[in-house]
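**Student:** I'd like to ask you about the structure that follows.
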Amino acid sequence: MPVSSAPRRTLLIACGALAHEVVAVLRASGFEHVKVRCLPAELHNRPQRIPGAVRKKIRAARSEFDRIFVAYADCGTAGRLDAVLEEEGVERIPGAHCYEFYTGSERFAALADQEPGTFYLTDFLTRHFERLIIEGLGLAAHPELRDAYFGNYRRLVYLAQRDDPALLARARAAAERLGLEFAYQATGYGGLGVAIEQLRQPSRAPLETI
């Protein structure tokens, strides 16, 4: 029986906060056989819902794809996401959160040791700071809650995936709004590209994002 030369259909289930970066890495690497489906970034405000939402995506895609990979770190699920992925036989990006795989484990540990009271922003969180942080935490209606949420923080570190002066200015403004010192770290895509590299295989199908 001849061996089929058709590429394996691969699904990458991604956090919505990584959608832009994931697609950029896939296109730069020529992974046109990979389809991306995202879950809402707002799940990070309720991480207990992430494992169930990921499981639902996996099971809905079983008959459609030969391989499934998850672009989530643990993301505050306290190991519950890993338990789901083990049951489903699916791998994920290593790390505790996206800050760690953008910076790398050693660099993130150094930042945390330098100032444990650090709040982090990525490009995505900077773009959507108003919706996810100010509105999402209820600070728009109740600004007095700022100290309740951020009273133990001392600084804000912007982990930049791209060199974008407009985003840098917005990150500085976010730090000022929260009453935190500001620091900047250029990370690029960090370990995201390294993790996605395992999806490499030849393909003729166009990359599609849903």
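**Student:** With a cut-off of 8 Å between alpha carbons and a minimum separation of six or more residues, what is the relative contact order of region 103-186 in percent?
**Tutor:** Reported as a whole number, the value is 35 percent.
**Student:** Can you sort Tyr149, Tyr102 from fewest to most other Cβ atoms within 10 Å of each residue's own Cβ?
**Tutor:** Tyr149, Tyr102
**Student:** Scan around Glu91 for amide H atoms under 5 Å from its own, H built in the peptide plane at 1.01 Å from N, and keep only partners 5 or more places away or cross-chain.
**Tutor:** It is Val70, by chain and number.
**Student:** If you don't mind, another one. Two decimals is fine: what's Rg over Rh for region 103-186, C-alpha atoms, Kirkwood radius as Rh? Display every interim value, and only then the final one.
**Tutor:** On the way: Rg = 12.7 Å, Rh = 13.1 Å.
Rg/Rh: 0.96.
**Student:** Near Ala109, within a Cβ-to-Cβ distance under 13 Å, what is the net charge of the other residues, with Lys and Arg +1 and Asp and Glu -1? Before the final figure, lay out each step's value.
**Tutor:** Values: positive: Arg107; negative: Glu100, Glu106, Asp113, Glu115.
Taking every other residue near Ala109 into account, the sum is -3.
**Student:** When the convex hull of the C-alpha atoms of region 1-122 is computed, what volume per residue in Å³ does it have? Intermediate results must be reported in sequence, preceding the final value.
**Tutor:** Details: hull volume 15.9 nm³, N = 122.
It comes to 130 Å³ per residue, whole-number rounded.
**Student:** Quick one: if you stick a label point 7 Å off each Cα along the C-beta vector at Ala61 and Ser105, how many nm between them?
**Tutor:** With each label placed 7 Å out from Cα toward Cβ, I get 2.5 nm.
**Student:** Starting at 0 and stepping by 10 Å, how many percent of the alpha carbon pairs of region 56-98 end up in each bin?
**Tutor:** 28, 56, 17
**Student:** Something else about it: Considering only C-alpha atoms, what is the centroid distance from region 39-58 to region 97-164, in Å?
**Tutor:** Using only Cα atoms to place each centre, the spacing works out to 20 Å.
**Student:** Next question, about the same structure. Want the number for Arg146 to Glu86: 0.36 nm per residue separation, take away the alpha-carbon distance, what's left? Provide the component values of the computation, followed by the final result.
**Tutor:** Working: separation 60, 0.36 × 60 = 21.60 nm, distance 3.83 nm.
Stretched fully, the Arg146-Glu86 segment lengthens by 17.8 nm.
**Student:** Shifting gears a bit: Can you work out the Karplus-derived ³J(HN,Hα) for every residue in region 37-48? Use 6.51 cos²θ - 1.76 cosθ + 1.60 with θ = phi - 60°, whole Hz, and x for glycine or proline.
**Tutor:** Per residue, the Karplus-derived 3J(HN,Hα) values read 10, 10, 9, x, 4, 4, 4, 5, 6, 9, x, 5 Hz.
Since every read-out is calculated from the coordinates, none of them should be taken as a lab result. Keep in mind it's a predicted model, so treat the numbers as computed, not measured. Cβ coordinates were reconstructed from backbone atoms using ideal geometry, including for glycine residues, and neighbour counts include every protein chain displayed.
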